[in-house]
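J.: The structure under discussion is supplied below as structure tokens; questions concerning it will follow.
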Ligand SMILES: Cc1ncc(COP(=O)(O)O)c(C=O)c1O
């Protein structure tokens, strides 16, 4: 049997990585502008690239993971909804309760497996009945 060699790749977090010399060089020479007025050519190019890659109408660059997760929650939920979320998910554990504080979207945490999956039966059991006594349930997976 053939022996395989594996390289160790640390995937704990993007925050452990630091920019390589090539990345610093690219930043140094990047064309920049005011993104509020859609005048940053690099942001525009990145958004167009992401939209084409994912075959979407448009893409929006968000500079942080927390901001991206909040945008996803706000896009899928209305005030008064709750979001069903893994109890180890970043949005639930590490983002300061932002969805509840900023969006009026409380979490409904359920057990999350080590690989990040949620049990379908557990999800189903967590969905609130269509009754005004309960928050409306939404399943979000950031
Ligand atoms: C899964 C996940 N979501 C969100 C974040 C938050 O990202 P940021 O620090 O850019 O807000 C992290 C940060 O490590 C993350 O690992």
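J.: Between 81, 14, 34, find the one with the highest GNM mean-square fluctuation for the chain; connect C-alpha pairs within less than 10 Å.
T.: 14
J.: Between residue 55 and residue 7, how many nm apart are label points set 7 Å from Cα along the C-beta direction?
T.: Modelled inter-label distance: 3.0 nm.
J.: Related question: For the chain, modelled as a GNM with alpha-carbon contacts under 10 angstrom, which of 93, 79, 24 fluctuates the most?
T.: Among 93, 79, 24, the largest GNM mean-square fluctuation belongs to 24.
J.: What order do you get for 4-10, 84-90, 15-21, 47-53 when each peptide is scored by the mean count of other beta carbon atoms within 10 Å, highest first?
T.: In decreasing order of mean packing, 4-10, 84-90, 15-21, 47-53 become 84-90, 47-53, 15-21, 4-10.
J.: Another question, then. Rounded to the nearest 10 degrees, what's the angle between the helix 41-53 long axis and the longest principal axis of the chain, both from Cα atoms, 0 to 90?
T.: 60 degrees
J.: Calculate the tail of P(r) for region 80-142: the fraction of all Cα-Cα distances greater than 20 Å, expressed in %.
T.: That tail contains 23 percent of the Cα-Cα pairs.
J.: Under the definition of Cα pairs under 8 Å and six or more residues apart, what whole-number percent is the relative contact order of the chain?
T.: Averaging sequence separation for qualifying contacts and normalising by length gives 18 percent for the chain.
J.: Can I ask one more? With a Förster radius of 25 Å, plug the Cβ-Cβ distance of residue 120 and residue 88 into 1/(1 + (r/R0)^6) and report the FRET value to the nearest 0.05.
T.: Step by step, r from the Cβ atoms, then E = 0.90.
J.: If R0 is 35 Å, what FRET efficiency do you get for residue 18 and residue 79 from their C-beta distance, rounded to 0.05?
T.: 0.35
J.: Oh, and also: Give the distance, in whole Å, between the Cα centre of region 112-138 and the Cα centre of region 54-90.
T.: If you average the Cα positions of each part, the centres end up 17 Å apart.
J.: On average over all directions, what projected area in square nanometres does the chain have, based on the convex hull of its Cα atoms?
T.: 13.8 nm²
J.: Let me ask something else. Per DSSP H run of at least 4 residues, take -39500 (n - 2.57); add these up for the chain, divide by its residues and hand me the 222 nm value, nearest 500 deg cm²/dmol.
T.: Helix contribution divided over all residues of the chain: -10000 deg cm²/dmol.
J.: Where does helix 65-76 land angle-wise versus the long Cα axis of the chain, in degrees 0 to 90, nearest 10?
T.: The answer is roughly 50 degrees.
J.: P(r) tail for region 39-113, what percent of Cα pairs lie past 15 Å?
T.: Roughly 61 percent, rounded to a whole number.
Every read-out reported here was derived from the displayed coordinates using simple, explicitly stated rules and does not represent laboratory data. Fair warning: this is a prediction, and the values are worked out from it, not measured in the lab. Cβ: placed from backbone, ideal geometry, glycine included. Neighbour counts: every protein chain shown.
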